[in-house]
Structure formats: structure tokens, C-alpha cells
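Derivation of every value follows stated rules applied to the coordinates shown; laboratory data play no part. Since the structure is predicted, the reported quantities are computational estimates derived from the model, not experimental observations. We place every Cβ from the backbone using ideal geometry, glycine too, and count neighbours over all the protein chains shown.
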Amino acid sequence: MSKRNFPNFLDAYYEYAKDAFCPDIFHLWTGISIVAGALERKVWLPWTASLNFYPNLYILLVSHPGMGKSSAGNTGVNGLLRHIKDVKFIPAQVTEAKFIDIMSAQQGMAVGTKQLMHSSGYFYASEASNSLKNIYGDFIACLTDFYDCPSLWEKATQKDDVITLSNVCFNMLAGCTFDYLNKLITDDNIMGGFASRVMYVIHDEKMVRKPSWGSVDSQAETSRKLLMEDLQAIHKMSGPFTATPEFKAKWLEWFPKHDAKRQELASEKLQALLVRKGTNLMKLCMVCAAAEASDRVLRIQHWERAMALVESLEGGIPKMLKMTQSQNGGDDGQRALNMTIMELLDSNGKEMGLKKLALTCVNKGYQIQRVKDTINAMVEGEQLKKLNISNQGLSLRLLVDSNDYL
């Protein structure tokens, strides 16, 4: 087993990539994505006679426009992963038929003395609004199916009869604005399962970055070459993972508590979005382990790091839902207006001046009379309370947990 250049690829990549331009969190998750992309379907965690976990991940970098999503993704994907031989890239803009055709090409892998075949692909789109679309087919439905890395996948078409793929594995890294997110993460995609398969890396701050003049750093190029060598070693890994008794004990303790807590959530959308937390956790554990060594052993430190990564994203899910629903505008129904009002109050410490709130809603495309009627209805329904503040006029206070209405 060859020695790595760095004790941990993820830590070394983060130090190499981080800058004053992109949010640090985007560099971290790009590093995670390229490790998953290098592993493909060549490693797995046996679970039952008919189920394995694989380390593929669907990662969405979400921010306001111009916050460095593309720069972060390009550093890892174009700078490193594209130089790993045999990693199959899916074009950012592709029809469903061509996507399936590209995925059908198989690659070989050696597991002990056996030679096995797999159909793995990596999809990178710096801007999801240009790429994650159902063009001449149902692209999103394919992504939903491929998340679980099926050993056999079939689709019947009138033109080509039955198309069959075997040993599928698919990784996705894409950038996305909040505006497009509300078109991608629809009610259908939430309840249909696609949305729960995605890990949302959210940066909702607006940064003013200090200008700097670019330069070629010889030390950075040396680090890139060493990272390439380690990523190549990760790419060569093959075979099943095992887990230590301590790792197994953590899973057995955690999962029932998580499942009970998820089912107690008032919002069915939040329940649906968290249904694959355990699966994503196992996928991340394999990525964290592979970043350290090629021995394919899951240890307690991999559990702890993967859990910290998953939970660092979890708090952003309700906020993401609120922001996307509140951006739907005046033509998308009463529910969107209710969520707009709740999101505005949530983001202002649960309290906001009535005039300011109403004006903000109007600027989002809602008619003023509709806004007034909605506020009055929410007051009567005890979701809001009107407060008289001297010298400031009327103010509104949010009385309920807005997550219950997602």
C-alpha cells in the first residue's frame, strides 16, 4: 500500500484551495466531491445480502450570484479530478438519451483476482440553471435512480426498446443560486425523492472581497502535483470497507434516535428531506476514510467527522426552503406569501415594522391589498401579533415556528 503525501487529502486540499474569494465551505465540499468522484463504484460498504452503500454524493453549492461557486468547483474538478485517468465526465448540458448512452460505457476494476465492470460518471455544472433540466427526457428521474448505485437499471423506450445499465455510480457537483433553487427543489422533487438525495452547501451572506493581483505560485503548483498523486492513489482503491466495533456501535446508537426525531417533525417536507441523512452519512464516512488511507477501514474518527459535516449542513435546510418559497413571487399562491412573511420576520429576529414588511412583500411582486389581508388573517390565526411601539408605529411579531409550515 503506497504511502500518501499528506496525512489527510481533505485537509491538504482545503489548505491548498482556500482563498479570499470563495467561501471556505465551498472549497471544503468541492474537496469531498472530488474524493467521491475518484472512488467511483470501486469501493463499497456491505450492508445486507442485497444492499451496499457506495461513496457517491450529490452536492449543490448554493449562494447569491457571484459568490465563487464556479471558482471553487473549477479548482478541484478542472484542476485535479479531470486529470485522473479513466474518470468519466458527463457534459454539463446533455439530453436524457445522451446521458444514458454515456453512462452505459463500462470501466473495468480489479478486486483481488477478479475483474469487474462498472458504469460510473461524474457530473459537474458550475451553474445548475443551465444544466439540471429535463431536456428531451426526464433527466432528474435518472439522477434520482442513480443515487443508490443500482446493480441493474432498465428503461423502456419506444425507439430503443429496453435500455439496460449495470453497476451504476453517479456523482454530482453543481452551483446554484437561491433564485434557481426554487425551480429545482419543487414539491414534486421533494416528495419524489430527488431533493432528499442532495446535500445543500449554503452560503447566504453577501461578501465584499478585497481585490488582489493574480500571481503564479510555485509552492501552490508543487502542492497541486502532490495532491494529484494522492488523488490517484484514492482512485486506485477497490474492494469492500469494513468497520471497527466502535464505529458500528455509534451507528446502532444513533440511527433509532435520528429516525424517531425525523418522524416527529411537523413538516412533511422536512421529514422527506432528512430521510436519507443516514445514507449520506455512510457515504461521507467512506470518503473521510479514503481521504486518510487506502486500508478501507471505517473508524470512530471517520464517523465523528462525517457526522459533523452532515450536521453543519442540516441547519440550513429549513432556511433554504423558506428562502426558495418566499422567492416564488405573487403568482404562485397564498402559501408562498405566507412563507415570505414568516421568512422576513424570522430573518429580522421574529419582529419587524408593519410598513417595512408590507413594502418588502410588494417589492417581491405581491399586491398591497393581498399583503394586508394576509397579515390580518395571520393575526387572527394567532401566527402573528401586532404591537404598538411608541414613535415607531405598528410592528409585527412572529408567534409560531415557521418550520412547521414548510
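Worth a mention:
- Gained length - Met191 relative to Gln219, 0.36 nm times residue gap less alpha-carbon distance: 5.3 nm
- Members of Lys3/Lys248; Lys42/Lys85; Lys206/Lys319 lying beyond 19 Å, as alpha-carbon distances in this model show: Lys3/Lys248
- For region 328-405, the number of Lys pairs with C-alpha atoms closer than 17 Å, counting only pairs eight or more positions apart or on separate chains, is 13.
- Packing around the peptides 15-26, 221-232, taken as the average count of other Cβ atoms within 10 Å per residue, puts them in this order, highest first: 15-26, 221-232.
- Sequence-separation-based contact order of region 328-405, relative, with Cα cut under 8 Å and 6+ spacing, percent: 33 percent
- Crossing angle, helix 334-347 versus the chain [Cα axis fit, 0-90 degrees, rounded to tens]: 80 degrees
- Sorted on the mean count of surrounding Cβ atoms within 10 Å across their residues, most packed first, peptides 338-349, 36-47 read 36-47, 338-349.
- The Kirkwood radius of region 328-405, taken over pairs of alpha-carbon atoms, gives through the Stokes-Einstein law at 25 °C and 0.890 mPa s a diffusion coefficient of 198 µm² s⁻¹.
- A dipole drawn for region 9-314 from +1 and -1 charges on Cβ atoms has a positive end, and of Ala249, Ala97, His203 the residue lying farthest that way is Ala249.
- Rounded to the nearest 500, the 222 nm mean residue ellipticity of the chain from helices alone is -14000 deg cm²/dmol, with -39,500 (n - 2.57) taken per DSSP H run of at least 4 residues.
- Extended-chain gain in nm, criterion 0.36 nm per residue less alpha-carbon gap, Leu252 and Ile389: 44.1 nm
- Once the gyration tensor of the Cα atoms in the chain is diagonalised, the equivalent ellipsoid follows with semi-axes of 40, 24, 22 Å, ordered largest first.
- Distance between the pseudo-spin-label points of Asn78 and Thr157 (7 Å out from Cα toward the beta carbon): 3.0 nm.
- In a DSSP loop and with at most 11 other Cβ atoms within 10 Å, the trypsin sites (Lys or Arg not before Pro) in region 154-183 are Lys159.
- Prolate/oblate/rounded call for region 140-206, Cα gyration tensor, a/c under 1.5 rounded: prolate
- Given charges at Cβ of Lys, Arg, Asp, Glu: the chain dipole, positive-most of Asn167, Leu384, Met109: Met109
- Inter-site label distance for Ala92 and Gln271 at 7 Å from Cα along Cβ, in nm: 3.9 nm
- Per-residue HN-Hα couplings for region 301-313 [Karplus 6.51, -1.76, 1.60; θ = phi - 60°; Hz; x = Gly/Pro]: 5, 6, 4, 5, 5, 4, 4, 4, 5, 4, 6, 5, 8
- Per-pair calculated FRET efficiency, R0 = 60 Å: Ile368 and Thr244 via Cβ, rounded to 0.05: 0.45
- Assuming charge only on the beta carbon of Lys and Arg (+1) and of Asp and Glu (-1), the dipole of region 9-314 about its Cα centre is about 320 debye to the nearest 20.
- Residue-count net charge about Pro46 - beta-carbon cut-off 13 Å; Lys, Arg +1, Asp, Glu -1: +2
- By average C-beta atoms within 10 angstrom, highest first, the peptides 113-119, 8-14: 8-14, 113-119
- Net length gained if the chain between Gln115 and Arg397 were fully extended (0.36 nm per residue, minus Cα distance): 95.1 nm
- Taking a straight Cα-Cα cut-off under 16 Å and skipping sequence neighbours fewer than 8 places away in the same chain, the lysines within cross-link reach of Lys98 are Lys88, Lys133, Lys155, Lys159.
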